[in-house]
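All of the numbers you see were taken from the coordinates with simple rules; none came from a lab. It should be emphasised that the depicted structure is a prediction, and the values quoted were computed from it without experimental measurement. Here the Cβ is made from the backbone with ideal geometry for all residues, glycine too, and neighbour counts use every protein chain on show.
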Amino acid sequence: MLNVKSFQIEHFIPANYQEAAAPRLAEAQEKLQKGTGLGHEFTDWVRLPVDYDKEEFARIQAAAKKIQSDSKALVVIGIGGSYLGARGVVEYLCSPNYNQKKNKKTPNIYFCGNGLSADAMQEVFDLIGDDDFSVNVISKSGTTTEPAVAFRFFRDALEKKYGKDGAKSRIYATTDKARGALKSLANEEGWESFVVPDGVGGRYSVLTAVGLLPIAVAGIDITELMGGAARMMETCRTASFENPAWTYAALRDALYQKGWSIEVLACYDPAFRFMLEWWKQLYGESEGKDGKGLFPASVEFTADLHSMGQYIQAGRRIMFETVVRLGASEHELLVPRDEVNGDGLNFVAGKSMDYIRDKAMEGTLLAHTEGGVPNVIVETDGKSAGSLGQLIYFFEYACGLSGYLLEVNPFDQPGVEAYKKNMFALLGKPGYEAQKAELEAKLGK
Ligand code: PA5
C-alpha cells in the first residue's frame with residue numbers, strides 16, 4: 001500500500017503540523033467528497049475509478065485490439081492533460097524505449113501535437129515510413145491549436161495512404177460528448193469517438209478514454225490500472241491521517257506556510273520521467289493562481305545529482321523534495337567481481353544495483369536534509385498497473401485537497417488562455433483584428 005513519510009521534518013515545520021492542518025483538511029475533504037467547493041463542477045474524477053462508462057470502457061478495449069491488429073504505429077495527438085498522463089503511464093510501465101523494444105507485439109506509439117516543432121513532426125512521419133498506422137486525436141475542447149494543426153497533417157497522410165473510407169476506420173477521436181470542432185468533425189466523418197466527461201478537467205483525465213486508449217494499445221491492463229485507482233479512492237474517503245493524501249497535503253501546506261516556494265518531485269527510475277511531467281502539470285495548473293502556489297519542479301536521480309544536485313544541496317533555501325520510492329526493480333543485476341580491481345570497485349562486487357541505489361537514496365536524504373532541504377517520501381508497492389493506478393489517484397486527490405487548503409479553485413486554468421489569445425491575434429484569426437495591431441506595435445513590427 002502507498003505510504004507517505006517525512007524525515008526529520010520537525011527541523012523545518014512545527015511538530016504538530018498535522019493537528020494544525022486537520023480542521024482545514026476536514027473542510028477540504030468535505031468539499032471534495034460532497035462536491036461543494038470551488039470548481040465542484042469539475043470533480044467527477046473523485047468517483048471516476050468506479051463511476052465510469054462501462055460500455056465505453058469495453059469499446060476502448062475493443063478499439064485497442066483493433067489498432068493492435070491493423071497498425072504497426074499509433075499516433076497519439078494531444079497536449080497538456082490530453083497527453084502527459086498516457087505518455088507517463090506507457091513510459092513507466094513499458095519503458096521510455098518502448099518503441100525500440102525488439103519482438104514487441106504491440107504497435108509503436110508516437111506522441112504528437114504537443115508542440116509546434118516541424119522537425120519533431122517530420123521525424124514521426126519518417127519513423128512510421130510505410131508502416132500501417134492509426135491516429136488517436138485527443139482534445140477536450142476540440143479547438144486547441146497544437147493538436148488541431150498536427151491532426152491536419154496526420155489525417156491528410158491517412159487519407160492519402162488509405163483513401164477517405166480506409167482512413168475513417170483508423171481515426172479515433174477523444175473529445176467532448178457534444179461540443180467543439182473535433183466532435184463536429186467526428187460526427188460528420190463517422191470516426192469512432194470517445195468522451196472526455198464534462199466533470200473531468202484535462203489534467204485529471206488520465207483514467208478516462210484520454211489516457212486509457214493509448215495505454216491499452218501499449219498492452220497495459222487498464223482494468224488493473226482502474227482497480228488500483230479504485231482502491232486508493234476508498235482509502236482517500238477516510239477523513240483522517242490514515243489517508244496518505246492528508247499527510248502529503250498537510251506537509252506541503254506546512255512547508256508552504258513556512259516559506260518554501262518550490263516542491264521538487266524526485267525519482268530514481270528514469271522510466272518515471274513523464275509521470276514527473278504529468279505531476280508538474282497537475283500541481284502547477286491546479287495551484288498556480290491568485291499569486292499563490294508551490295512551483296512544481298522535478299529531477300531524475302541519480303543523473304540530476306550530478307547537475308541540479310549542487311543547487312539543491314547549497315543554493316537558495318527555497319525548495320523541498322518529495323521523493324517517490326518505487327520499490328524493487330524488475331531485474332536483479334549484481335555487480336561483477338574483478339580480480340584486478342583496477343577501478344577499486346570490488347567493495348560493491350556481488351551487490352545488486354538496487355542495493356547501491358538504495359544507499360544513494362539514503363545518502364542523498366541525509367545530505368539534502370542536513371543542507372536544509374526538507375524531505376517527504378512517497379513509497380509505492382512497486383511497478384505494476386495497479387500500483388500506478390493508486391499513485392495517480394493519490395496525487396490527484398492530494399492535489400484537490402491542497403488547492404482547497406490554498407483557497408484557490410484547483411480545477412480551472414485561466415492563466416493558460418493568455419498566450420493563446422496573443423497567438424491567435426498574431427496569426428490573424430478572425431475576430432482578433434484589434435489585438436493584432438496592438439500586439440504587433442508592442443513587438444515593434
Ligand atoms: O489541463 C488542462 O485543462 C490543459 O492542460 C488541457 O488538457 C490542454 O490545454 C489541452 O486541452 P484540450 O484537451 O482541450 O485540447
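Below, the figures for the structure above:
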read-out	value
Partner aspartates and glutamates for Lys351 [C-alpha distance under 17 Å; skip if fewer than 8 residues away on the same chain]	Glu330, Glu332, Asp338, Glu339, Asp343, Glu362
For region 310-445, size of Cβ-based charge dipole, Lys and Arg +1, Asp and Glu -1, in debye	660 debye
Furthest towards positive pole of dipole, Ser261, Met233, Met275, structure part region 189-283, Cβ charges	Ser261
Equivalent ellipsoid dimensions for region 342-392 as semi-axes, Å, which come from the Cα gyration tensor, largest first	27, 21, 6
3J(HN,Hα) from dihedral phi, region 327-341, Karplus parametrisation 6.51/-1.76/1.60, rounded to Hz, x for glycine, proline	x, 5, 6, 5, 10, 9, 10, 9, 5, x, 7, 10, 4, 6, 6
Gyration tensor (alpha-carbon) shape descriptor, region 150-213, a/c threshold 1.5	prolate
Long-range tail of P(r) for the chain (Cα pairs > 33 Å, %)	40 percent
Most positive-pole-ward Cα, Phe153, Pro414, His40, against dipole of the chain from beta carbon charges	Phe153
Cβ charges +1 (Lys, Arg) and -1 (Asp, Glu), total dipole of the chain, debye	740 debye
Spacing of the two label points (7 Å from each Cα toward its C-beta) at Glu224 and Leu439, in nm	4.6 nm
Per-q log10 I(q)/I(0), region 193-310, q = 0.11, 0.14, 0.20, 0.24 Å⁻¹ (Debye; single scatterer per alpha-carbon; no solvent)	-0.50, -0.82, -1.38, -1.40
Between region 158-234 and region 367-435, the alpha-carbon center distance in angstrom	21 Å
Close Lys-Lys pairs in region 356-445, where close means Cα under 29 Å and separation is 8 or more or interchain	12
Rel. contact order, % - alpha carbon contacts under 8 angstrom, at least six apart, the chain	22 percent
Straight-distance crosslink candidates among aspartates and glutamates, where the alpha carbon sits under 12 Å from Lys183 and sequence neighbours closer than 8 are dropped	Glu192
Of Asn341, Met308, Ser329, farthest towards positive along the dipole that unit charges on Lys, Arg, Asp, Glu beta carbons give region 305-376	Met308
Förster radius 45 Å - calculated FRET efficiency between Glu370 and Lys104, Cβ distance, rounded to 0.05	0.50
